[in-house]
There are 4 protein chains.
Amino acid sequence: MVKAAVMEAPERPVQVVEFPEPVLEPGGVVLRTLFSEVCGTDVHLWHGRLAEVPYPIIPGHINVGEVEATGGEVRDADGEVLKPGDVVTFLDVHGTCHRCWYCEVAKASTRCPNRRVYGITYSARDGLLGGWSEKIYLKPGVRIVKVPSNVPPEAIIGGGCGLPTAFHAVERGGVGLAASVVVQGSGPVGLNAALLSILAGACQVILVGAPALRLEFARSLGVDEVINIEEVPVDERVQRVKALTGGRGADIVIEATGVPAALKEGLAMARDCGTYVVVGQYTDHGEVTLNPHWDINKKHVDIRGTWGIDFSHFYRALKVLAKHNGRIRWERFITRRYSLAEANQALADVEAQKVIKAVIDPRAPF
Amino acid sequence: MVKAAVMEAPERPVQVVEFPEPVLEPGGVVLRTLFSEVCGTDVHLWHGRLAEVPYPIIPGHINVGEVEATGGEVRDADGEVLKPGDVVTFLDVHGTCHRCWYCEVAKASTRCPNRRVYGITYSARDGLLGGWSEKIYLKPGVRIVKVPSNVPPEAIIGGGCGLPTAFHAVERGGVGLAASVVVQGSGPVGLNAALLSILAGACQVILVGAPALRLEFARSLGVDEVINIEEVPVDERVQRVKALTGGRGADIVIEATGVPAALKEGLAMARDCGTYVVVGQYTDHGEVTLNPHWDINKKHVDIRGTWGIDFSHFYRALKVLAKHNGRIRWERFITRRYSLAEANQALADVEAQKVIKAVIDPRAPF
Amino acid sequence: MVKAAVMEAPERPVQVVEFPEPVLEPGGVVLRTLFSEVCGTDVHLWHGRLAEVPYPIIPGHINVGEVEATGGEVRDADGEVLKPGDVVTFLDVHGTCHRCWYCEVAKASTRCPNRRVYGITYSARDGLLGGWSEKIYLKPGVRIVKVPSNVPPEAIIGGGCGLPTAFHAVERGGVGLAASVVVQGSGPVGLNAALLSILAGACQVILVGAPALRLEFARSLGVDEVINIEEVPVDERVQRVKALTGGRGADIVIEATGVPAALKEGLAMARDCGTYVVVGQYTDHGEVTLNPHWDINKKHVDIRGTWGIDFSHFYRALKVLAKHNGRIRWERFITRRYSLAEANQALADVEAQKVIKAVIDPRAPF
Amino acid sequence: MVKAAVMEAPERPVQVVEFPEPVLEPGGVVLRTLFSEVCGTDVHLWHGRLAEVPYPIIPGHINVGEVEATGGEVRDADGEVLKPGDVVTFLDVHGTCHRCWYCEVAKASTRCPNRRVYGITYSARDGLLGGWSEKIYLKPGVRIVKVPSNVPPEAIIGGGCGLPTAFHAVERGGVGLAASVVVQGSGPVGLNAALLSILAGACQVILVGAPALRLEFARSLGVDEVINIEEVPVDERVQRVKALTGGRGADIVIEATGVPAALKEGLAMARDCGTYVVVGQYTDHGEVTLNPHWDINKKHVDIRGTWGIDFSHFYRALKVLAKHNGRIRWERFITRRYSLAEANQALADVEAQKVIKAVIDPRAPF
């Protein structure tokens, strides 16, 4: 039997449940889970804030595991054959159809209506399709990437879904050499967006967030300036960004807060003809009031909504992680490890921002 | 002496005033005005809605005239020497510095703080620097384009500032072959945006506006569908656009209304991963409430504020006009001509939307 | 039994052969062929100029047919269920894997090593997988598009593979409003590239090709200028283009010739900082000598190789055809129809450029 | 009197000549030269390989100096007033007209026919318009940037013209996070292109060049792999790049060699659908033979000629230098300093590749 932490319904405690061993199809893979992420999305799931979630679910969308068995020859994204014992991670998004109008005409696969997501839109009734579990079943076609031997598995979770999401945001923002960047939000997406902006050549990265501990961590990643929203009121934050950017505002501002009001503030922090990336509004937290003349038209700004990731973001974000982990050590994002039985505590700690990144270790004793 | 219609201050009647003949500097040009545009911006000027306008002013920013004299050899944008009698038009924006950070580092010259605009930000105290006048003085460096002999001068005013502004909007929207486009607004910018979308290869152009007369005119330009906002309520408008676009919304939506609430409606009309161009919010008409999750982030939309034009838009828009005028006949946008003494009537008619395009003819008898 | 024209090996006459009726799999479709294209690629196939072709083959990659039967519910690209009697066309490229590095990381599916092409890389041993046949078998997953009722099926073949290929080239070239464009080559790709450039808003389209009949046809499509390479030597051709483009050369030059030397000439026809699209070098016809300083570096030119098409090009090109066919009438590209038994004659006529577009009509009596 | 090193004609020894003190116009600036670059272009000038050079000239296009006097209030690019004693550098390109078709319609100012270049296209007869001189006269309108106090003036010359040229090339190549990059050439442009690729987030940078000393220097900059063209034959070089890039070739290849044959080799090193930047073909060194089918069309490659720089490249490259110089120390590119009297030796050493970067120090005793 396989133990997994199950979220049976919104607002109910997560329970550890036993499942039968997964049955391998041709092309499928069984993983022994090493680590699984706990992220803000899991808190949203816990509170029932996402639509069309087929509870009960096994949460955990970013995972790292060891190959236990494969259904015949299965290859990773680089075409290498997977062997038992290989340490791998995989893209949680599965089932992108490559046939619908969005996939094929608009080339906008993140809006494919057929995509499913491990740990979010697969039901526990359908099997071990989430990472808070001793084992994960990878259906045929799941996109698998081997973890390089010089990368500790924890680093994959330290990056978590924040890393590829931030990669997408930084790409949408066009961050490059000499850019000035403001990142709003100091959660995993915001911290990774700041870090990736630095790695992409930005010459000035300003992080606007809280609490102080996270801002200190941001500094250790190389962020040039931090502005603590618990200490500095909105108007002054905008003025400080202006003062740091020659009076103009930043070339690119990346919103990673989840707070609607952040848009008004962030647009004020962007320079005329700059770019504003909205990546943090993952769920509906209400509305914001904008002035289309001042905030958009006269500013000649580009505002770029940024939904989800595709495999390219995931794969390339891992390349960046593998390249720089020796120096950055993404495993430092992890504040605490939790056993399966401690999943409720993990969710509570993430919600309370007591941790930067929480990790489920299904091998940990109860 | 030269007669010109002067707007002495906001909310005061325009008066015809006599000015001394302009004094030619080297590189300057004196034009005998053939026609000058009256547009929505002039109504804004009349009501004092623009900041930092150095009243008294001679309005009229898009103009066509005949060269009377040049201060030595002066060349047009194609390098041809101007001769008396040449029929020309010119870019109203003058003085873009090509030295500031916006001009030179950001390459965003429409936000150059040093640019001045004929008919808007030049004072009548500084000379004949607007088109509601028998003559216009073109300072050295003004960007001049000859009007091809097969284009009637009226067509230049029929296009007016709406044509290059719409050119910029269509460029920002990335309208191209096979696109589906919604244009919100049936004023000169909206009508030209619809027309240029058709000329750029869009396969479906839907105009949302009013009144019926303008929508009929839009149909005559080749617009596929029109939706009359005086007859169809907001929700139904969105539903109709969805129904016309395979349930998805349009690839590109161009806002050309000046009404803040149009943004909420227009974003709902854009497909996921589509583009939304905001070009109509030229002055501050208040605010709009958006939901960042649904309207921007999950939609993965690009919102592109579009401010002003540069010479490239002006020049290329004229190329398009010269190419297609035989068939399109932009002079049809002109509903009525007005003498200098009738300028107040022209402003009233534009404000009341009695005309699509009003033209000042300074040669008309009083 | 089903009659099909089979190319058994390079340089051998095409023979009409009888095949058994196709066997429908779930998701498959049997078409009764209405028309199939004969294009330059088929001449290349006939002479064995393409690598890895699994002779014997049934040629015919662009086809239009009537649905005879479907293997269960099968939907077209717009999600509509296909019914017997529906007139459809389909993308010849099939089997793009959406899993390899090119598909998923580089998002460059036209270089996917797993793609197969109807009429080219499928063997007759595998079934009715080419259009020179009374019936065509569409494997599960083939991308099908319904032909609108106002479009005669012949128009689909009149556009042929030249239309979507030219669509791709025009997209790569960034042809848009006010552009000046030179197209080198007056075969189906070149003619469609010129036509699509016009439809995309180019204000000047110059076609360089031969023979005179094709250039006359080009004029009837709206091309502004033609230069006959049988009459005008290379240097003079370049000078004429320069003279027509203000001494600068064209904004965009599209090569659609198949002749290596065309690159040297075409680069000379492009303006500094212009774009040069290479789409005609479909097979290896040898080399060209360029001067990297003058032809590329100092010219600051973009050269864009353009290989194949993906479904988006195919789908959107059909949208353009459906929109404009009433006026353009792509069926006019067809010079002559051939029965299956006349396939060798069709190939000879295409090779001798006696026809603009040759069509196989499998229903024609022998 | 002011001493300057003058190149009187091609193939003649550079002589130190005395000039009168420069006369300040309003808006002009007199600099006391701190350091001036000697680069490959100066060797080309020495051998008369550039067209339309108005010998005699004072070479030296990238310079750093101390403000001696200004003609009234003169501001740097950030709008700050210049004071005597300020250490500054300036863009060598001057006189870009911002009025011609290339500047204003094509927005391609590097091809403006009116631009002049300090040290190259200004004659010594016109004054101290090159940097191999105790003083330099900056005409009104020259674009000046203050050197931050934490950057040693030598670092500006260590970067030299190679740094902004490479910045332009890296921008044209679209180098970003996770990219694999090959740089051909280990001169100042190639070394800076490799370095900037790393700083822009490339995960793999391979330098192909010689001699060994430069490759070692490249390694010290963080280049992942070097291939010595003195040791490894062409075919093997291509194979090695393929082997290092999953068999595909690099995403982006930047040519910085000046050798025409490099294009054939470099295209073979680029992956399908990759980008090839040609920046090193600054003068005419002859031709290269390409196969348009294999090298361009089937490869679906983008080839991007890259000419000169504009102020944006210069300004942003300096931002990058100021940001990273503490760690990179561009002054390490300087192998040796030369007095004005040693200018001929400097040219000989650059030509013989005995130095990476040679610097003229006009304050050095003879």
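The values are calculated or read from the model by the stated rules, or taken from the named source; none is laboratory data. Everything numeric here is computed off the predicted structure, so don't read it as measured data. Here the Cβ positions follow ideal geometry from the backbone for every residue, glycine too, while neighbour counts run over all protein chains shown.
Residues in the stretch C:98-114 that are over 23 Å from residue A:168 (Cβ atoms) and more than 13 Å from chain D (Cβ to nearest Cβ): C:114 alone.
Could you go through the stretch C:43-50 and let me know if any residue there is in the same structural domain as residue C:138 (by TED's automatic domain parsing), of a type in the set (A, V, I, L, M) and modelled with pLDDT of 95 or more. Working first, answer last.
First, pick out the residues of the stretch C:43-50 that are in the same structural domain as residue C:138 (by TED's automatic domain parsing): C:43-50.
Going one step further and asking which of them are of a type in the set (A, V, I, L, M), we end up with C:43, C:45, C:50.
Within this subset, residues satisfying the condition of being modelled with pLDDT of 95 or more are C:43, C:45.
So far as the stretch C:43-50 goes, yes, one or more of its residues are in the same structural domain as residue C:138 (by TED's automatic domain parsing), of a type in the set (A, V, I, L, M) and modelled with pLDDT of 95 or more.
Right, residue A:204: at negative phi and in contact with a helix residue (DSSP H, G or I) (Cβ under 8 Å, 6 or more places away or on another chain) or not? Judged against the criteria, residue A:204 is a match.
For the stretch C:176-197, does any single residue satisfy the condition of being assigned by TED's automatic domain parsing to the domain that holds residue C:271, at positive phi and either in contact with a strand residue (DSSP E or B) (Cβ under 6 Å, 6 or more places away or on another chain) or aromatic (Phe, Trp, Tyr) (or both)? Let's see the steps before the verdict.
Taking the stretch C:176-197 first, the residues assigned by TED's automatic domain parsing to the domain that holds residue C:271 are C:176-197.
Then keep just the ones that are at positive phi; that gives C:178, C:185.
If we keep only those that are either in contact with a strand residue (DSSP E or B) (Cβ under 6 Å, 6 or more places away or on another chain) or aromatic (Phe, Trp, Tyr) (or both) too, we end up with C:185.
Yes, the stretch C:176-197 contains at least one residue that is assigned by TED's automatic domain parsing to the domain that holds residue C:271, at positive phi and either in contact with a strand residue (DSSP E or B) (Cβ under 6 Å, 6 or more places away or on another chain) or aromatic (Phe, Trp, Tyr) (or both).
Of everything listed in (1) more than 14 Å from chain B (Cβ to nearest Cβ); (2) buried (at least 24 other Cβ atoms within 10 Å of the Cβ); (3) in contact (Cβ under 8 Å) with a residue 12 or more places away in the chain, the single unmet condition for residue C:344 is (2).
Looking only at the stretch A:1-31, which residues are among the β-branched types (Val, Ile, Thr) and either closer than 18 Å to residue A:120 by Cα or assigned to a loop (DSSP other than H, G, I, E, B) (or both)? Spell out how you get there, then give the answer.
Going residue by residue through the stretch A:1-31, those that are among the β-branched types (Val, Ile, Thr) are A:2, A:6, A:14, A:16-17, A:23, A:29-30.
Matches in the stretch A:1-31: A:6, A:14, A:16, A:17, A:23.
Can you pull out the residues in the stretch B:304-341 that are assigned to a strand (DSSP E or B) and either farther than 30 Å from residue A:276 by Cα or in contact (Cβ under 8 Å) with a residue 60 or more places away in the chain (or both)?
Keep residues of the stretch B:304-341 that are assigned to a strand (DSSP E or B), which gives B:304-305, B:334-338.
Listed by number, the residues that qualify are B:304, B:334, B:335, B:336, B:337, B:338.
What helices (runs of 4 or more DSSP H) completely inside the stretch D:121-227 contain at least 2 residues that are in contact with a Cys (Cβ under 9 Å, 6 or more places away or on another chain)?
Working: elements: D:153-159, D:162-173, D:188-199, D:212-221.
Passing ranges, in order: D:188-199.
The set of residues in the stretch A:272-289 that are over 17 Å from the mean Cα position of the chain (by Cα) and touching a residue at least 40 places away in the same chain (Cβ under 8 Å) comprises A:275, A:284. Scanning the stretch D:266-325 for residues that are hydrophobic (A, V, I, L, M, F, W, C), farther than 27 Å from residue B:104 by Cα and away from chain A (no Cβ under 14 Å) gives D:267, D:268, D:269, D:270, D:288, D:290, D:294, D:296, D:301.
Assess whether residue D:231 counts as being free of Cβ contacts under 8 Å to residues at least 60 places away in the same chain, assigned to a loop (DSSP other than H, G, I, E, B) and over 22 Å from residue C:293 (Cβ atoms). Taking the combined requirement at face value, the residue satisfies it.
Here is a yes/no grid of residues against (1) of a type in the set (S, T, N, Q); (2) in contact with a Gly (Cβ under 6 Å, 6 or more places away or on another chain):
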| residue | (1), (2) |
| --- | --- |
| D:175 | no, no |
| D:179 | no, no |
| D:185 | no, yes |
| D:191 | no, no |
| D:197 | yes, no |
| D:212 | no, no |
| D:231 | no, no |
| D:234 | no, no |
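Restricting A:6, A:14, A:29 to those that are crowded, with 19+ Cβ neighbours inside 10 Å and farther than 21 Å from residue A:338 by Cα reduces the list to A:29. Filter the stretch A:243-296 for residues that are of a type in the set (Phe, Trp, Tyr) and either touching a helix residue (DSSP H, G or I) at 6+ places or on another chain (Cβ under 7 Å) or more than 29 Å from residue D:80 (Cα to Cα) (or both); which is modelled with the lowest pLDDT? Among them, the one singled out is A:282.
Is it the case that residue B:201 is surrounded by fewer than 24 Cβ atoms within 10 Å (Cβ to Cβ) and in the same structural domain as residue B:222 (by TED's automatic domain parsing)? For residue B:201, the condition - surrounded by fewer than 24 Cβ atoms within 10 Å (Cβ to Cβ) and in the same structural domain as residue B:222 (by TED's automatic domain parsing) - is not met. Condition first: of a type in the set (Asp, Glu), within 18 Å of residue A:358 (Cα to Cα) and either out of contact with any Pro (no Cβ under 6 Å at 6 or more places or on another chain) or surrounded by fewer than 24 Cβ atoms within 10 Å (Cβ to Cβ) (or both). Now tell me which residues in the stretch A:32-84 satisfy that. A:37 - this is the single residue of the stretch A:32-84 that is of a type in the set (Asp, Glu), within 18 Å of residue A:358 (Cα to Cα) and either out of contact with any Pro (no Cβ under 6 Å at 6 or more places or on another chain) or surrounded by fewer than 24 Cβ atoms within 10 Å (Cβ to Cβ) (or both). Checking the structure you have, find out if any residue of the stretch A:187-198 is under 29 Å from residue D:318 (Cβ atoms) and more than 15 Å from the chain's Cα centre (by Cα). Within the stretch A:187-198, one or more residues are under 29 Å from residue D:318 (Cβ atoms) and more than 15 Å from the chain's Cα centre (by Cα).
Taking (1) out of contact with any strand residue (DSSP E or B) (no Cβ under 7 Å at 6 or more places or on another chain); (2) modelled with pLDDT under 95; (3) part of a loop (DSSP other than H, G, I, E, B) in turn, residue D:110 satisfies each apart from (3).
On the given criteria, is residue B:253 out of contact with any His (no Cβ under 9 Å at 6 or more places or on another chain) and either part of a loop (DSSP other than H, G, I, E, B) or assigned by TED's automatic domain parsing to the domain that holds residue B:201 (or both)?
Working: out of contact with any His (no Cβ under 9 Å at 6 or more places or on another chain): yes; either part of a loop (DSSP other than H, G, I, E, B) or assigned by TED's automatic domain parsing to the domain that holds residue B:201 (or both): yes.
Answer is yes for this residue.
Evaluation of residue D:18 against the conditions (1) within 14 Å of chain C (Cβ to nearest Cβ); (2) more than 24 Å from residue D:284 (Cα to Cα); (3) in contact with a strand residue (DSSP E or B) (Cβ under 7 Å, 6 or more places away or on another chain) shows that the sole unmet condition is (1).
Being touching a Ser or Thr at 6+ places or on another chain (Cβ under 9 Å) and within 22 Å of residue D:178 (Cα to Cα), is that true of even one residue in the stretch D:280-292?
Applying the first criterion (touching a Ser or Thr at 6+ places or on another chain (Cβ under 9 Å)) to the stretch D:280-292 yields D:280-283, D:287-290.
From what's left, within 22 Å of residue D:178 (Cα to Cα): none.
No, the stretch D:280-292 has no match at all.
For the stretch A:118-140, the criterion of being closer than 29 Å to residue D:201 by Cα and either crowded, with 20+ Cβ neighbours inside 10 Å or not charged (D, E, K, R) (or both) is satisfied by no residue at all.
Being in contact (Cβ under 8 Å) with a residue 24 or more places away in the chain and in a loop (DSSP other than H, G, I, E, B) holds for only one residue in C:77, C:69, and it is C:77.
In the stretch D:164-175, the residues that are facing chain A (nearest Cβ under 10 Å) reach residues that are assigned to a helix (DSSP H, G or I) and hydroxyl-bearing (Ser, Thr, Tyr) with C-beta atoms within less than 6 angstrom, at least six apart or across chains, in these pairs: D:170/D:197; D:175/D:197.
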